[in-house]
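These notes are about the structure you will find just below.
The values are calculated or read from the model by the stated rules, or taken from the named source; none is laboratory data. Model, not experiment: these values are computed from the prediction. Cβ: placed from backbone, ideal geometry, glycine included. Neighbour counts: every protein chain shown. Side chains are part of the model used for accessible areas, which takes the heavy atoms of the whole protein and leaves out ligands, DNA and RNA. Shrake-Rupley method; radii C 1.70, N 1.55, O 1.52, S 1.80 Å.
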Amino acid sequence: MHKSTAIYRSPDEIINLKIRIRIREVGGGGDDPLEEIQTFRWQQKIFGQFERGFYLDRKNCATELERKYHAEVAKLSEKSNVVFSYVNDDGYEGVDDNCGKMHLMADLGDSQATNLCTVTYDPARKVLTMRPDFTQSEPYRIHIEGDVKRIFQYRIDDVSEKIPFDAQLKENEILDRINLHQQKLKLDKGHAGFELPGKNKLDVCLYLEILAARNFENDNVYVQYFIDLPAHWSCKNSDALKGCTQTSIRANSEDGAAHFGLPFEICLEYDVQRMDEEEILKSPYVYFEAVSKDFWDRFRTEGLAYTILPVTQAGVYSYELRCLRICPEGIACNLRRFFIGDFSNYDHITCASLPREPREGRMNRYGVLSVGTGEISVRVSVLQQSQAFSEDFASENGNRQRKFLLDKLNTSVLIKSIEQVVAAFKVAKRKMVEARKNV
């Protein structure tokens, strides 16, 4: 019969386990075939024929365990057992600190004892492992080769006392309570320190990284940033809305990039109740300014760039932002940039984009000179969090608010996609016009 290992999860105490081994000789035994039945409790020591002779001699017993075995063997009858056991204290196959083991053996007249079954128990997980499993139908067979071939059959049966039905129900109820309590402790531990947004709030966590700057006129460049929040957006830590990188020199590569690798994190909050006041969700902008510093501490603006923050859709985004530099007219401005630097020769870093509130309701940039400079590489990771996204937010009002929030976000994403297509079309059209002029 094929031998297989079985694993049982037992809520009962291991001391209640009882295993019965029934072995008999079915071939080659002559007129007096061997047959024996032995029942074992967990870690019950039963001595084999060799152990009886060994521990019976006082000279072989040096340790405290061996002297204990000597006293037990001396009290036994002369009849030896065919089936015996090795327990944890015997050190058979080593000792496992986490699990207990018990080997059920048989002395069948061969040079070595035969392992009938190995029982392993993990008290931490309450897992019992049987190798091989309890006998289900046909008994296991053992063949002993010698002058006469001998064949044995044996069974492994679970003869543990069954718990009364009423006691079993009570025990199961107690175990269920314990499991529920343990699950509650895990949930409480997992939620500890995890702050949920308000019911009418949309939290957007942004993880930005300023990667590199390249193709600028001067070396020793650093980048400063500023996040401009429109109406109904807020940030608990307003100091995180602006900052700057360290100064970096150009690498010895083809593009001559100055690498920063500066990560920063910011969490923005939007009032969902204000969404019905806006046809399209207004998104924050992030502005960048590349500044160079030479050994005379002269600071020069190398370029300005900006992009809309993709707060309406979670994901990871990478940008290659092309920069421009405002060039005031006149030789004096060029001399000023060369000799003392031209850092901050404008009102605000946001001057490169549309102002939030144009003066007198209109904006005029006619005659403003600018020149394209280098590029800034940026990566943005966006994570959205709102109770409206939760499956637990399942009331009628909650479902309606969830649908409204998702529709608003999807509309904003669609509008942004259209704007990107139009912008790309304008760039392509300008390149075609320039190409025709050169023909």
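Looking across the stretch 42-96 at every residue that is within 56 Å of the chain's Cα centre (by Cα) and among the small types (Gly, Ala, Ser), the one that is most open to solvent (accessible area, probe 1.4 Å) is identified as Ala62. Examine the stretch 202-217 for a residue that is part of a loop (DSSP other than H, G, I, E, B), exposed (fewer than 13 other Cβ atoms within 10 Å of the Cβ) and not basic (Lys, Arg), and state whether such a residue exists. No, the stretch 202-217 contains no residue that is part of a loop (DSSP other than H, G, I, E, B), exposed (fewer than 13 other Cβ atoms within 10 Å of the Cβ) and not basic (Lys, Arg). Do we have Asp166 as at pLDDT 90 or above, within 47 Å of the chain's Cα centre (by Cα) and among the acidic types (Asp, Glu) here? No, not satisfied. Scanning the stretch 260-271 for residues that are open to solvent by 10 Å² or more (accessible area, probe 1.4 Å) and not aromatic (Phe, Trp, Tyr) gives Gly261, Leu262, Pro263, Glu265, Cys267, Glu269, Asp271. Can you confirm whether the stretch 290-303 contains a residue that is hydrophobic (A, V, I, L, M, F, W, C), touching a residue at least 12 places away in the same chain (Cβ under 8 Å) and farther than 13 Å from Ile376 by Cα? Looking for residues that are hydrophobic (A, V, I, L, M, F, W, C), touching a residue at least 12 places away in the same chain (Cβ under 8 Å) and farther than 13 Å from Ile376 by Cα, one finds at least one in the stretch 290-303, hence yes.
Residue by residue through the stretch 120-169, note down the ones that are outside any strand (DSSP E or B), β-branched (Val, Ile, Thr) and open to solvent by 20 Å² or more (accessible area, probe 1.4 Å).
Pass one, the stretch 120-169, residues outside any strand (DSSP E or B): 123-126, 132-139, 145-149, 159-169.
Then keep just the ones that are β-branched (Val, Ile, Thr); that gives 135, 148, 159, 163.
Val148, Val159, Ile163 - these are the residues of the stretch 120-169 that are outside any strand (DSSP E or B), β-branched (Val, Ile, Thr) and open to solvent by 20 Å² or more (accessible area, probe 1.4 Å).
Residues that are within 25 Å of Ile15 (Cα to Cα) and among the β-branched types (Val, Ile, Thr) within the stretch 58-113 comprise Val73, Val82, Val83, Val87, Val95, listed in sequence order.
Between Cys117, Cys61, the distinction of being outside the structural domain of Ile37 (by the TED database) and either at pLDDT 85 or above or at negative phi (or both) belongs to Cys61 only. All of Phe288, Phe260 fail the test of being in contact with a Ser or Thr (Cβ under 6 Å, 6 or more places away or on another chain) and within 26 Å of Asp342 (Cβ to Cβ), apart from Phe260.
When you go through (1) part of a strand (DSSP E or B); (2) exposed (fewer than 13 other Cβ atoms within 10 Å of the Cβ); (3) β-branched (Val, Ile, Thr) one by one for Ile23, which number turns out not to apply? For Ile23, the exception is condition (2).
Whenever a residue of the stretch 54-66 is of a type in the set (A, V, I, L, M, F, W, C), its partners that are open to solvent by less than 70 Å² (accessible area, probe 1.4 Å), lying with C-beta atoms within less than 6 angstrom and at least six residues away or across chains, give the pairs Phe54/Asn60; Leu56/Val73; Cys61/His70.
Of the listed requirements (1) modelled with pLDDT of 90 or more; (2) assigned to a loop (DSSP other than H, G, I, E, B); (3) under 18 Å from Leu202 (Cβ atoms), Ala231 misses just one: (1). Checking each residue in the stretch 234-252 for being open to solvent by 60 Å² or more (accessible area, probe 1.4 Å) and not in a strand (DSSP E or B) picks out Lys236, Asn237, Ser238, Asp239, Gln246, Thr247, Ile249, Arg250, Asn252.
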